[in-house]
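Here is the structure we will look at, set down as structure tokens.
What follows is calculated from the coordinates using simple rules that are stated; it is not laboratory data. Everything numeric here is computed off the predicted structure, so don't read it as measured data. For neighbour counting, all protein chains shown are included, and Cβ atoms are generated from backbone atoms with ideal geometry for every residue, glycine included.
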Amino acid sequence: MPRINRSISLQFIVRSLAHAPDNESYGEKIAREAGITSSSVYRALESLIERGFARRTRQEPGAHGTPRRYVQLTIAGLDLARKWNVLSLEAAAAQRLRAIAESLGHEPGSDLHRAADQLVDSSWAVPPFDSAAVVAAVLGPAGPDQ
């Protein structure tokens with residue numbers, strides 16, 4: 001695994017990406033979530049990309065003219081998030097559930113994808129949604145490293 005210096009700012013950035021849908025977000029949103037200046041976020045994202053922890057995925061028109069450049073954690077980036085303990089069990093289970101859905105050919109928006117979304121954002125979950133039971137079912141009793 002490539003090496004990267006662990007800083008508080010970088011931990012916030014990796015955590016923000018790890019908990020974003022499909023582990024993908026853009027600089028300004030990460031800056032708002034992490035409470036860090038956008039220039040610091042962009043430098044950190046470049047460092048993550050250069051070391052293989054993240055990759056550029058797409059670009060969309062921005063609200064004020066500057067395009068949004070999306071970045072996504074790679075497998076190495078997700079491993080880094082786990083190593084640094086910035087990835088919640090719910091997010092780890094959601095990632096695994098999405099991977100299962102994709103391997104089964106389920107399109108985004110399918111029931112499995114929606115269940116994964118509810119794990120990381122329970123504010124819109126339909127009761128009774130027992131996220132702990134879903135995490136245990138997806139990750140097993142030993143957790144995400146099983």
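Note down the magnitude of the dipole of the chain about its Cα centre, charges +1 on Lys and Arg C-beta and -1 on Asp and Glu C-beta and zero elsewhere, to the nearest 20 debye.
Details: 17 positive and 16 negative charges, 134 e Å.
Here the chain has a charge dipole of around 640 debye.
What is the Cα centroid distance between segment 27-94 and segment 97-115, reported in whole angstrom?
Here the two parts' Cα centres lie 22 Å apart.
Hey, what do the phi angles of segment 58-68 turn into as Karplus ³J(HN,Hα) couplings, whole Hz, using 6.51/-1.76/1.60 and θ = phi - 60°, x for Gly and Pro?
Per residue, the Karplus-derived 3J(HN,Hα) values read 6, 9, 10, x, x, 5, 10, x, 6, x, 7 Hz.
Given labels modelled 7 Å from the Cα in the Cβ direction, how far is it in nm from ARG58 to GLN11?
Placing both labels 7 Å along Cα→Cβ, they lie 3.2 nm apart.
From a point 7 Å beyond the Cα of LEU104 in the direction of its Cβ, which residues of segment 22-41 have a backbone N at a distance under 19 Å?
Answer for segment 22-41: 22.
Just to compare against my own numbers: the Cα pair-distance distribution for the chain, 10 Å bins, whole % per bin, please.
11, 38, 34, 15, 1
Would you calculate, for the chain, the mean residue ellipticity at 222 nm contributed by helices, counting each DSSP H stretch of 4 or more residues as -39,500 (n - 2.57) and dividing by all residues, to the nearest 500?
One gets -15500 deg cm²/dmol as the mean residue ellipticity at 222 nm.
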